[in-house]
Structures are given as C-alpha cells and as structure tokens.
Amino acid sequence: MVTAIVDSADRPALGIVMMLTGIAAFAVMDATIKWLTADYPVAQVVALRSWFGLPLLALFALRGGGLKSLASRRPLAHFGRYLLVLGLSFSFFWALSQMKLVDAIAITFAAPIFITALSVPLLKEAVGWHRWLAIGIGFCGVLVMLRPGIGVFQWAGLVVIGSVVFYALLMITTRAYKATEHTAALMLYPQLGMSLTAVIFAPFFWVTPTLGDLGLFALAGMFGSVGIMCLTHAFRLGPAAVISPFEYSALIWATLIGYLVWGELPDVYTLAGAVIVISSGLYIIYRETIKVGRARPKLPSMSPDDTGQ
C-alpha cells in the first residue's frame with residue numbers, strides 16, 4: 001500500500017489494473033517471505049529482501065525525479081520514516097512466520113481505520129461522527145478476526161496490528177511531508193536505511209542460503225519493489241476513491257496462495273471479520289470522497305443569459 005501524489009485522474013481503468021498488479025506482487029512477496037521465515041531468521045529475511053529490492057526501487061525513484069528529487073529539507077523526518085519501515089517489516093514478517101497468510105493479510109485491512117483515527121491527533125484533521133462510527137465498527141471486525149478470549153486466539157495477530165499501526169504512521173507522515181519532500185525521497189530513503197541496517201546486523205543472524213532460496217530472496221525483493229512501483233503509478237492514474245477499494249483483492253490472492261502452498265483456508269471468523277473491516281474501510285473512503293468534494297471550490301452556475309443564449 002502506497003500513498004502517492006495524484007498527477008492526473010484521466011485513466012482510472014489503467015490505474016485499477018496497476019493497483020491489482022501491485023497487490024498481486026505484494027501477495028507473492030508475502031507468501032515468499034512466509035516460506036523463507038520457516039528456515040531463516042527474520043532479521044536475515046528483512047536484510048536480503050531489502051538488498052534485492054533496493055536497486056529496482058532506486059532506479060524507479062530516480063527515473064521519476066533524478067538526483068535533485070532526493071534533496072531534503074527534513075532529514076530527521078526521513079530517519080523517523082526509516083524507523084517506521086523497520087518496525088513494520090520486522091513485526092509483519094515475524095507474524096507471517098506464525099500464522100496463516102490469509103489471516104495476517106486480512107488483519108492488515110484495518111489500515112484505513114488506523115490512518116483515519118490517528119490523523120485526528122497527528123494531523124489535526126476533522127473526522128465526523130459517520131467516520132468515527134465506521135472506525136468503531138471496523139475495530140469490532142478486527143476483534144472478530146483476533147478472537148480474544150477463545151482458545152484459537154493468536155498473539156501473532158496483535159503483532160500484525162502493531163505492523164498496521166507502523167504502516168498507518170508511515171502513511172500519515174507521507175501526507176504531512178509530501179508538500180516539501182519529493183515522492184522519490186519519501187520512498188527511497190527508508191529502504192536505503194533498511195539496507196544499511198541489514199549490512200550491520202544481518203551477519204549476527206546469518207544462515208547461508210541455498211542457491212534456490214537465494215533466488216526466492218531475490219524474488220521477494222523484486223516483487224516488493226514492483227508492488228511499490230505499481231501502486232505509486234496507480235494513484236497517479238486515478239483518484240484514490242476509485243483505486244483504493246481494489247487493495248482488498250489481496251484477500252483473494254492470499255486465500256489462493258495459502259491454499260495451494262500450505263493447504264490453508266480462512267475460517268468463518270476471518271471471513272466475517274474481513275467483511276466487517278472491508279465494509280468500514282470502504283465507507284471511510286466514501287466519506288473522505290465527500291469531504292474532498294465539499295472542499296473544492298464550486299464554479300458559479302450559468303444562466304442562459306450569462307452564456308448569451
């Protein structure tokens with residue numbers, strides 16, 4: 001998931017295709033990460049995914065704005081975003097190693113709920129009772145998926161919630177800094193920090209990968225970068241209200257891959273909770289669209305006399 005500056009809204013169909021492609025790429029990356037964490041430490045998985053993903057992401061970022069796009073007025077803000085990406089990666093990748101792929105991805109659908117709720121104290125945005133109601137319903141959906149108080153409750157689900165909070169904060173900083181920082185800098189600096197961190201810490205957890213697994217690490221890195229590129233283009237090609245709902249196609253991919261690779265299927269709690277969370281997320285997007293529409297200046301209506309008819 002990526003929040004990007006929208007350059008135009010005249011090709012929404014292509015934007016939808018890019019969104020679906022990006023979500024599919026992320027699903028493949030997540031499945032590959034889950035497979036690798038069965039045999040390798042999470043720190044090493046984070047490291048190699050960062051190393052293999054950085055070159056492609058750097059080419060994409062620099063192609064969009066050149067070296068001048070990396071000039072920054074807020075270096076500390078980029079350091080903070082790097083810490084958020086670090087927390088997001090470690091928490092989500094670890095959770096993937098502990099739970100079903102479809103369960104983990106379904107919980108991440110709560111991201112719009114957290115972004116909306118946190119935008120109030122952090123961005124001083126006004127959120128009406130319609131969206132607060134949707135936020136409350138969405139949290140109920142999350143509780144249905146987590147199932148606290150019954151034997152199948154997984155603490156890994158709470159770690160996924162933690163990763164969603166990291167992601168929400170990352171998106172909020174994107175909103176806050178996009179006026180002064182280029183999109184290329186916002187994307188590239190956190191990943192560069194991840195790669196440098198991996199160089200320092202990965203040797204302490206190193207397990208020499210087989211040639212086949214090394215290919216899987218490369219696959220995870222490249223698909224992660226492809227996902228970021230596709231989603232960035234998607235939001236440039238169409239309005240967020242049109243593009244964003246197709247993020248939920250991840251549930252289809254997670255179910256399909258989880259069944260084919262691990263024989264996993266979502267249970268009724270996951271499906272019911274996902275429906276509740278997705279519904280609340282779609283309603284938040286709808287209310288956000290109404291708010292943006294009201295904020296736009298309206299052109300004066302023209303009578304026949306005004307047009308000379």
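Just so you know, all these numbers are worked out from the coordinates, no wet-lab data involved. All figures in this text were calculated on a predicted structure; none of them were measured in a lab. For neighbour counting, all protein chains shown are included, and Cβ atoms are generated from backbone atoms with ideal geometry for every residue, glycine included.
Top mean-square fluctuation among Val127, Val42, Val28, Gaussian network model of the chain, C-alpha springs under 10 Å? Per the Cα network of the chain with a 10 Å cutoff, Val127 tops the list.
Between Val261 and Leu67, what's the calculated FRET efficiency when r is the beta-carbon distance and R0 is 30 Å? Round to 0.05. Could you put the intermediate results ahead of the total?
Details: r = 41 Å, r/R0 = 1.37.
Efficiency for this residue pair is about 0.15.
Each of Ile252, Ile161 has some number of other Cβ atoms within 10 Å of its Cβ, and from fewest to most they run Ile252, Ile161. Applying the Karplus relation 6.51 cos²θ - 1.76 cosθ + 1.60 with θ = phi - 60° to the range 155-160 yields 3J(HN,Hα) values of 5, 4, x, 5, 5, 4 Hz, where x marks Gly and Pro. Using a Gaussian network model of the chain in which every pair of alpha carbons under 10 angstrom is joined by a spring, one finds that among Ala220, Ala179, Ala24 the greatest mean-square fluctuation is at Ala179. Hey, with R₀ at 35 Å, roughly what FRET efficiency would Ile290 and Leu59 work out to, going by the Cβ-Cβ distance, to 0.05? My answer for the efficiency is 0.35. Taking trypsin sites (Lys or Arg not before Pro) as exposed when DSSP calls them loop and at most 11 other C-beta atoms lie within 10 angstrom, the chain has its longest site-free stretch at 125-297.
Would the range 12-293 count as rounded, prolate or oblate if I go by the C-alpha gyration tensor, calling it rounded below 1.5 in a/c and otherwise prolate when a/b exceeds b/c, oblate otherwise? Taking the square roots of the gyration eigenvalues as a ≥ b ≥ c, the range 12-293 is oblate. Over the residues of the chain, the helix contribution to mean residue ellipticity at 222 nm works out to -25000 deg cm²/dmol, using -39500 (n - 2.57) for each DSSP H run of at least 4. Working from label points 7 Å from Cα in the Cα-to-Cβ sense, the Leu282 to Asp39 distance is 4.1 nm. Highest GNM mean-square fluctuation, the chain, Cα pairs closer than 10 Å: which of Thr270, Thr21, Thr208? Result: Thr208 has the largest fluctuation of those listed. Multiplying the residue separation of Ile252 and Ala126 by 0.36 nm and removing their Cα-Cα distance gives an extension gain of 42.0 nm. Database remark: amide H of Glu264 closer than 5 angstrom to the amide H of Tyr259 (H placed geometrically; neighbours at sequence offset of 5 or more, or on other chains; Pro and chain starts carry no H).
Going from the fewest other Cβ atoms within 10 Å to the most, the residues Phe139, Phe201 appear in the order Phe201, Phe139. May I ask for the distance between the Cα centers of the range 221-287 and the range 158-203, given as a whole number of Å? If you average the Cα positions of each part, the centres end up 20 Å apart. The dipole here belongs to the chain: it is taken about the Cα centre, uses +1 on the Cβ of Lys and Arg and -1 on the Cβ of Asp and Glu, and is about 780 debye. Each residue of the range 266-283 is assigned a 3J(HN,Hα), and the resulting list reads x, 8, 5, 5, 4, 5, 5, x, 5, 4, 5, 5, 4, 4, 5, x, 5, 5 Hz, derived from the Karplus form 6.51 cos²θ - 1.76 cosθ + 1.60 (θ = phi - 60°), x at Gly and Pro.
Pulled fully out, how much extra length does the chain show between Phe204 and Trp155, if you take 0.36 nm times their separation in residues and subtract their Cα-Cα distance? Walk me through the intermediate numbers first.
Values: separation 49, 0.36 × 49 = 17.64 nm, distance 2.64 nm.
Extending this stretch completely gives an extra 15.0 nm.
Please arrange Ser195, Ser280 by counting, for each residue, the other beta carbons lying within 10 Å of its beta carbon, fewest first. Numbers along the way, then the final one.
On the way: Ser195 20, Ser280 26.
Listed from fewest to most nearby Cβ atoms, that is Ser195, Ser280.
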